[in-house]
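S.K.: Structure provided below as structure tokens; questions to follow.
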Amino acid sequence: MQEATSSPKIGAKSMGVADRSTPLLRNYWYVAAFSDEISRQPMRRTILEEDIVFYRTEDGKPVAVQNRCPHRSFPLHTGRVEGDRIVCGYHGMEFNPDGSCALVPALNTAPKAIRLDAYPLEEDGPLLWIWMGDPANPDYSRLIRQEWCTSPEWTHVKGYMYMKANYLGLHENLMDLTHFPFLHGKWNIARPEHAAAPSKIEEGEGFIRQREVHHDVGMPPALVEAVGMKAPFDREAQHMVQIPGMHQGRQITTDASDPPKADEQHIIHIMTPETQTSTHYMWAMARNNAVDDEELSEQIRVVGEGAFMEDKVALEDIEELVARDHRPNFREKIIKTDEGGIRVLRMFARLAAQEQEGMQEAIAAE
Ligand code: FES
Ligand SMILES: [Fe+2]
């Protein structure tokens, strides 16, 4: 593990940093949807540029198969689910959850040569994960389970936003708390002096973790009352990135009691690439205090959704401007507080290069 060195220098974003031209990472689990989005009604969602249809079998098991009918490319999500099969709305071909063909009505048979790609899925509480690599070899060590998801001691609020921007911008945005007092000024989440709080960054095999401490922060009054906390409050914010599709945040707020009381919250941000310029942005905020307080849940949801919407709009504005403005010599300027985000982009550039190398070797070996 290496500690970050802090440098006062201003640099330019350069080679070795993942961007819109970096191939999307395939050998990972991504959150495809919230579990409650998937029902007996077929649902279409494009992930890593692959059009996929989701539904549930009669006993509630989630299914994900390619949405493109192998016969005439008709979108299967416009068809129907019958029993455990999805039925194409054009000529009625039927497919099993494993992608195999169950029936071609015109031939009254089920040819082995006709089949759909099927995707490994894993349900973890409210999250439905999909493996986008080789379907025969899903790597479960890369599945980041959230223990709060399934614990009765925790409750959460969540939301989905469709974002017309590359997913990497969200990773940069989330490692950077310096934008809070400005982009999210109206929510009183942080004061301008919090922007200058120093960050501690650790980088190890397959992860980047960043921490910062803010003094005298705000707390929702209902939470203060539920935990019996005494102002002023200090907050340690922790950020962890291990896979391309998730940023895990953890906030520990301590008070002025002796000994100090603490409140812990998990905030996960899910960025599942639809394409290089569009992202399924999902988020969830979990707490284990005042879990039955629905009014508090609603307050947290309103602030979370309001602030995350500001990030989404900012990233969409950036994406639109970058697509429109062609300055051959333009390089974004990087300042010290961008270091966490830059490290994440470097990690993804390295992983993408390794993945491409592996694919080339596999092709050569065939
Ligand atoms: S296009 Fe689907 S059955 Fe013909
Ligand atoms: Fe933000």
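Just so it is clear, none of the values below were taken in a lab; they were calculated from the coordinates. From a predicted model like this one, the values you see are computed outputs, not experimental measurements. For neighbour counting, all protein chains shown are included, and Cβ atoms are generated from backbone atoms with ideal geometry for every residue, glycine included.
S.K.: Check the straight Cα-Cα distances from Lys61 and name the lysines below 27 Å, setting aside those fewer than 8 residues away within the same chain.
M.R.: Here the lysines satisfying the reach criterion relative to Lys61 are Lys112, Lys158.
S.K.: Per residue, what volume in Å³ does the Cα convex hull of the chain take up?
M.R.: 170
S.K.: All other residues with a Cβ under 11 Å from the Cβ of Asp124 taken together, and with Lys, Arg as +1 and Asp, Glu as -1, what is their net charge?
M.R.: So the environment of Asp124 carries a net charge of -2.
S.K.: Under 21 Å Cα-Cα from Lys164, which lysines qualify once same-chain neighbours fewer than 8 residues away are excluded?
M.R.: Qualifying lysines at Cα under 21 Å: Lys312.
S.K.: A follow-up question, please. Pairing the Cα long axis of helix 294-324 with the longest principal axis of the chain, what angle in degrees results, from 0 to 90 and rounded to the nearest 10?
M.R.: 80
S.K.: Between Leu170, Leu183, Leu48, where does the largest GNM mean-square fluctuation fall for the chain, given springs only between Cα atoms within less than 10 Å?
M.R.: So, out of Leu170, Leu183, Leu48, the one fluctuating most is Leu183.
S.K.: P(r) of the range 95-182 in 5 Å steps, Cα pairs, percent per bin?
M.R.: It works out to 2, 10, 11, 12, 16, 15, 12, 8, 6, 4, 2, 1, 1, 0, in whole percents.
S.K.: Also, I was wondering about something else. Just want the ordering: Phe95, Phe182, from fewest to most Cβ atoms lying within 10 Å of their own Cβ.
M.R.: Going from sparsest to densest Cβ surroundings: Phe182, Phe95.
S.K.: Which of Met15, Met309, Met282 moves most in a GNM of the chain, Cα contacts under 10 Å?
M.R.: Of Met15, Met309, Met282, the Gaussian network model singles out Met15 as fluctuating most.
S.K.: Quote the relative contact order of the chain in percent (integer), defining contacts as alpha-carbon pairs under 8 Å separated by 6+ residues.
M.R.: Answer for the chain is 21 percent.
S.K.: Can I ask one more? Given springs between every Cα pair under 10 Å in a Gaussian network model of the chain, which of Thr277, Thr150, Thr109 has the largest fluctuation?
M.R.: Fluctuation is largest for Thr109.
S.K.: So, one more: For the range 73-146, what percent of Cα pairs sit more than 22 Å apart?
M.R.: Value for the range 73-146: 37 percent of Cα pairs lie more than 22 Å apart.
S.K.: Take Asp19, Asp325 and order them by how many other Cβ atoms sit within 10 Å, fewest up front.
M.R.: Asp325, Asp19
S.K.: How much length is gained on full extension from Ala262 to Lys333, taking 0.36 nm per residue of separation minus their Cα-Cα distance?
M.R.: Difference between extended and current length: 21.8 nm.
S.K.: Let me ask something additional. For each of Tyr90, Tyr28, count neighbouring Cβ atoms within 10 Å of the residue's Cβ, then give the residues from fewest to most.
M.R.: Tyr90, Tyr28
S.K.: Can you tell which of Asn166, Ile208, Gly228 lies farthest toward the positive end of the dipole of the chain, using +1 and -1 charges on the Cβ of basic and acidic side chains (Lys, Arg; Asp, Glu)?
M.R.: Asn166
S.K.: On a 0 to 90° scale, report how tilted helix 339-365 is relative to the longest principal axis of the chain, with both axes built from alpha carbons and the result rounded to the nearest 10.
M.R.: Approximately 20 degrees, to the nearest 10.
S.K.: I've got another one for you. Calculate the length of the line joining the C-alpha centroid of the range 107-171 to that of the range 177-251, in whole Å.
M.R.: The range 107-171 and the range 177-251 have Cα centres separated by 27 Å.
S.K.: Now for a different question. For the chain, what does -39500 (n - 2.57) per DSSP helix run (n ≥ 4), summed and divided by total residues, give at 222 nm, in deg cm²/dmol to the nearest 500?
M.R.: Roughly -7000 deg cm²/dmol at 222 nm, from the helical runs in the chain.
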